[in-house]
Amino acid sequence: MHQTEGDFQFMRAATQPSLYRNGEVLIERDPLGNTAASRGVALETHTLAVTDARIHKLRMTCEHNGFELLHAPLEHPIDFYDHDDVVRYYYPECAALVAELTGAQAFAFDHNVRSAGGKQEQARIKGGQDVQGPAHVVHGDYTLRSAPERLAQLALPPSGNDTLVGFRTDALVPDALLARAQQSRFAIINVWRNIDSQPVATHPIALCDSQTVTPEDSVVFEIHYPDRIGENYFSKFSPEHRWYYYPAVAQEEALIIKQWDSAGLLAGSDGEQGDGGAPERPCTFSFHSAFVAADTPADARDRWSIEVRCVVIY
């Protein structure tokens, strides 16, 4: 089996698992977004084998495993370093791609551009946010509490400084759709794309098969802003986890990562069961992390990528 290795950051084994906010693991950010304080964030490194999903032609799906790679050439040229261009032209492409994959209605609402070099140089997207670095800690982006909260926020009209809804002047998700989603099923799906002309050579994304994750693997990580609290899940290490990656992702491909699905067993059971307990059901989310592959050449080209989040209403 073709594999590579890499070092991954997990919460320490002694950390108490948690699915809901408890004030034990958190950071506090000041009005400028800088970290002002932290509590309980204790990480440990594990070297993991990561399976090359391309060579084995593994049929991993976003629906059941939490991720998949699609051939998805751009329909129109996009300036990924211009916020307005991304929102106006790329958001609709991402929403259409996710809608076709899921057979549901999709709305793009947020994006980040990432590059290790861009972060180091304090690069900024025209009309938008700072370039962020690759996220080198194993995490899931939403929780049992924050996912439905995010859905509700998307039904609100944008505030004066809210860029999440781009050029819209109304609410992103119509009230009728929101009511349906809250009563039936919704998902948040990330469309991850290489925006460089060359295939990704550094900091690839590793993805954990959600069928191998249990509720006891998760730790709530709270992000305290001056006006709100965000949440995601950090992961504790488990030898049962199975990790995969797609080397050399090209610009004409899209890596689809499930960030939350209310129809997953973990979500539907309020964390009482993991997704592996019902493999015929959709999964809830995939833990993921950037990593440095052991076989990365010393002179490898820096990765530039964009991720666009889409809310899906079934």
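The values are calculated or read from the model by the stated rules, or taken from the named source; none is laboratory data. Being a predicted model, the structure only gives us computed values, none of them experimental. All Cβ positions, even for glycine, are placed from backbone atoms using ideal geometry, and neighbour counts span all protein chains on display. Accessible surface areas use protein heavy atoms only, side chains included; no ligands, DNA or RNA. Shrake-Rupley method; radii C 1.70, N 1.55, O 1.52, S 1.80 Å.
Karplus-derived 3J(HN,Hα) values for the range 128-137, using 6.51 cos²θ - 1.76 cosθ + 1.60 with θ = phi - 60°, are x, 8, 5, 5, 9, x, x, 8, 9, 8 Hz; glycine and proline are entered as x. What you get for the range 178-239, charging only the Cβ of Lys and Arg (+1) and of Asp and Glu (-1), is a dipole of about 280 debye around the Cα centre. Among the trypsin sites (Lys or Arg not before Pro) in the range 203-297, those placed in a DSSP loop whose Cβ has at most 10 other Cβ atoms within 10 Å are ARG228. Annotation for the range 168-227 versus the range 10-37: alpha-carbon center distance of 19 Å. Per-residue 3J(HN,Hα) values for the range 185-195, derived from phi via the Karplus relation 6.51 cos²θ - 1.76 cosθ + 1.60 with θ = phi - 60°, read 8, 9, 9, 10, 10, 9, 9, 9, 9, 6, 10 Hz in sequence order (x marks Gly and Pro). The GluC sites (Glu not before Pro) of the range 168-251 that meet both conditions, a loop assignment by DSSP and at most 14 other Cβ atoms within 10 Å of the site Cβ, are GLU240. For ALA72, the residues whose modelled amide H falls within less than 5 Å of its own, excluding neighbours fewer than 5 places apart on the same chain, are GLU253, ALA254. Of the GluC sites (Glu not before Pro) found in the range 1-93, those that fall in a DSSP loop while having at most 12 other beta-carbon atoms within 10 Å are GLU75. Which residues among the range 272-307 fall inside the zone where the amide N is under 13 Å from a point 7 Å beyond the Cα of THR45, along Cα→Cβ? Label zone hits: 292-294. Remark: relative contact order (the chain) = 31 percent; criterion is Cα-Cα distance under 8 angstrom and separation of 6 or more residues. For the range 1-153, the residue among PRO73, HIS139, THR61 whose Cα projects farthest onto the positive side of the dipole built from Cβ charges is HIS139. When the Cα positions of HIS241, SER197, TYR90 are compared along the charge dipole of the chain, HIS241 comes out farthest toward the positive end, with charges on each C-beta of Lys, Arg, Asp and Glu. Phi angles across the range 90-103 convert, under the Karplus curve 6.51 cos²θ - 1.76 cosθ + 1.60 with θ = phi - 60°, into 3J(HN,Hα) values of 7, 3, x, 5, 5, 4, 5, 5, 5, 4, 5, 5, 9, x Hz, Gly and Pro given as x. If the chain linking THR296 and ARG180 were pulled fully straight, counting 0.36 nm for each residue of separation and taking away their Cα-Cα distance, it would gain 37.1 nm.
Within the accessible area of the range 193-308, the carbon and sulfur atoms contribute 49%, probe 1.4 Å, all protein chains present. Which distance in nm do the two modelled labels at ASP84 and HIS71 give, with both placed 7 Å along the Cα-to-Cβ direction? About 3.6 nm, to one decimal.
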